[in-house]
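The values are calculated or read from the model by the stated rules, or taken from the named source; none is laboratory data. Everything numeric here is computed off the predicted structure, so don't read it as measured data. Because the Cβ atoms are built from the backbone with ideal geometry, glycine has one as well, and the counts that use them run over all protein chains shown. Areas reflect the complete protein model, heavy atoms only, side chains present, ligands, DNA and RNA absent. Shrake-Rupley method; radii C 1.70, N 1.55, O 1.52, S 1.80 Å.
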Amino acid sequence: GRARRPTDAVIPFGYEPNLDEAGREAAISEWRNRDLDPDRHFIVCFFGTFGRVLDLHTVILAARALARQGASDVRFVLCGTGDTLEQNRARASEAACMVFPGWVNAVQIGALMSMSSLGLLPYKSRVDFKVSIPSKTVEYLSAGLPILTCLEGLVADVVTSESLGYTYKAGNVRSLVD
């Protein structure tokens, strides 16, 4: 409803993957040394800041449920640092399929994404997340990773309508396990 100004612009939402092939191979080897093998494991990755905007409680409970069901081939690899990292690490201590490597660099991120089956978006469905597409979505898609999210709104609509992954109900462990 306003006139176009010189400062108006279209800024593409994009992500440049790391192309350091030698570093990528070394990073893949590092991940394999942590007992992460895409030939034996269904790997779900996350990269970000551990804070109150994430619903990791449901993810941890789902990991425990999967372990009880004997799904020993699933690995949740949650990379990053933040205020709630240690709290989440402690909650997940009984879930052997949860890995918290801490902060990782761009080459390690690229390598892990190439080994993963899904990219996790466990954001709480706050209004700001419901009406936007978090950059993590684009990062995962740039690596060809399907999305696994509990977000409602725009991301869920796009993931569903474009067959870009899977949604689960926030706070519903059974929904995520399924």
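Residues in segment 44-93 that are more than 15 Å from the chain's Cα centre (by Cα), small (G, A, S) and not in a helix (DSSP H, G or I): 6 in all.
For segment 142-163, a residue qualifies if it is open to solvent by 20 Å² or more (accessible area, probe 1.4 Å), farther than 30 Å from R68 by Cα and in contact with a strand residue (DSSP E or B) (Cβ under 7 Å, 6 or more places away or on another chain), but none of them does. Applying the set (1) touching a strand residue (DSSP E or B) at 6+ places or on another chain (Cβ under 6 Å); (2) open to solvent by less than 30 Å² (accessible area, probe 1.4 Å) to Y166 leaves exactly one unmet item: (2). Within segment 122-139, being crowded, with 19+ Cβ neighbours inside 10 Å and without any contact (Cβ under 8 Å) to a residue 60 or more places away in the chain holds for one residue alone: T137.
Determine whether segment 74-95 contains at least one residue that is within 23 Å of N172 (Cβ to Cβ), surrounded by fewer than 15 Cβ atoms within 10 Å (Cβ to Cβ) and in contact with a helix residue (DSSP H, G or I) (Cβ under 7 Å, 6 or more places away or on another chain). Scanning segment 74-95, I find at least one residue that is within 23 Å of N172 (Cβ to Cβ), surrounded by fewer than 15 Cβ atoms within 10 Å (Cβ to Cβ) and in contact with a helix residue (DSSP H, G or I) (Cβ under 7 Å, 6 or more places away or on another chain), so the answer is yes. Across segment 58-73, the qualifying residues are those that are touching a helix residue (DSSP H, G or I) at 6+ places or on another chain (Cβ under 9 Å) and surrounded by fewer than 17 Cβ atoms within 10 Å (Cβ to Cβ), and the one among them that is nearest to V107 (Cα to Cα) is S72.
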